Amino acid sequence: MIAKADKGRTMVIIHKAALKQKISTFLQENQITAVDKDPTDYFQKHIQQIIHKCNTIRDKKQYKHLLHIKPTAPKLNAMIKIQKDNNPIGLEINNIQAPAYKLARYLNKRLNELIEVHIHMLQRT
């Protein structure tokens, strides 16, 4: 199997069984357990309710922009740490299709704008 290394643009060739063992070890060491049901729909509904209650979002286009039409659970990709002994794995999480991704990106942008305004005001005084 070919896997990404976590440093640089390097690829690693590894036996599929060895990669599965590394992933299993990582999950056990970090006490990560599987859930019986995918919670994505629950989170999507909860986020919709929160946005509906928000009185600063009045434009329907903005409301639709903050929600994914068909969200999915974040994808995990295992990358091999080639610079460490025993080459453990590191996880890369792709959240782009997650229910809260667009909302989190929007809030991050708004908070950064507010921080910039606050810093600008402090510099003027």
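Give the whole-number value, in cubic angstrom per residue, of the convex hull volume spanned by the C-alpha atoms of segment 1-61. Each step should come with its number before you reach the end.
Numbers: hull volume 12.9 nm³, N = 61.
Output value, Cα hull per residue: 211 Å³.
For helix 40-53, what angle does its Cα long axis make with the longest principal axis of the chain, in degrees from 0 to 90 and rounded to 10?
20 degrees
Would you please name the trypsin sites (Lys or Arg not before Pro) within segment 73-125 that are DSSP coil residues with at most 14 other C-beta atoms within 10 Å of their C-beta? Provide the component values of the computation, followed by the final result.
Numbers: sites: Lys75, Lys81, Lys84, Lys102, Arg105, Lys109, Arg110, Arg124; in loops: Lys81, Lys84.
For trypsin sites (Lys or Arg not before Pro) across segment 73-125 that sit outside H, G, I, E and B with at most 14 neighbouring Cβ atoms in 10 Å, the list reads Lys84.
Using Stokes-Einstein with the Kirkwood hydrodynamic radius over Cα pairs, what translational diffusion coefficient do you get for the chain at 10 °C and a viscosity of 1.306 mPa s, in µm²/s rounded to a whole number? Write out the running numbers ahead of the final one.
Working: Rh = 18.1 Å.
My calculation gives 88 µm²/s for D.
If I take every Cα pair under 8 Å that is 6 or more residues apart in the chain, average their sequence separation and divide by the length, what percent do I get for the relative contact order? Let's see the in-between values first.
Numbers: 119 pairs, mean separation 31.4, N = 125.
About 25 percent, as a whole number.
If you fit an axis through the alpha-carbon atoms of helix 101-124 and take the longest principal axis of the Cα set of the chain, what angle between them do you get, 0 to 90°, nearest 10?
In the chain, helix 101-124 runs at an angle near 60 degrees to the longest axis.
Filter the cross-link list Lys37/Lys70; Lys37/Lys102; Lys70/Lys109; Lys7/Lys75; Lys16/Lys45 down to pairs whose alpha-carbon distance in this structure exceeds 28 Å. All intermediate terms of the calculation are to be shown ahead of the outcome.
Working: Lys37/Lys70 17 Å; Lys37/Lys102 23 Å; Lys70/Lys109 23 Å; Lys7/Lys75 20 Å; Lys16/Lys45 37 Å.
In this structure, Lys16/Lys45 exceed 28 Å between Cα atoms.
Could you work out how far the C-alpha centroid of segment 107-123 sits from that of segment 2-76, in angstrom?
Rounded to whole Å, the Cα centres lie 29 Å apart.
So, with +1 on the Cβ of K and R and -1 on the Cβ of D and E, and no other charges, what is the size of the charge dipole of segment 2-124 about its Cα centre, to the nearest 20 debye? The partial results should precede the final answer.
Values: 22 positive and 10 negative charges, 95 e Å.
The dipole of segment 2-124 has a size of about 460 debye.
Check the straight Cα-Cα distances from Lys4 and name the aspartates and glutamates below 19 Å, setting aside those fewer than 8 residues away within the same chain.
Asp85, Glu92
Tell me, in nm to one decimal, what length is gained between Met1 and Tyr106 on full extension, where the rule is 0.36 nm per residue of separation less the Cα-Cα distance?
On the way: separation 105, 0.36 × 105 = 37.80 nm, distance 3.79 nm.
Gain on extension, Met1 to Tyr106, equals 34.0 nm.
What is the angle, in °, between the Cα long axis of helix 16-29 and the longest principal axis of the Cα atoms in the chain? Nearest 10 is fine, range 0 to 90.
Here the helix axis deviates by roughly 60 degrees.
Only the coordinates and a few stated rules stand behind these numbers; no lab work does. All values reported here derive from a predicted model rather than from experimental measurement. When we count neighbours, we look across all protein chains shown, and the Cβ atoms used for this are built from the backbone with ideal geometry, even at glycine.
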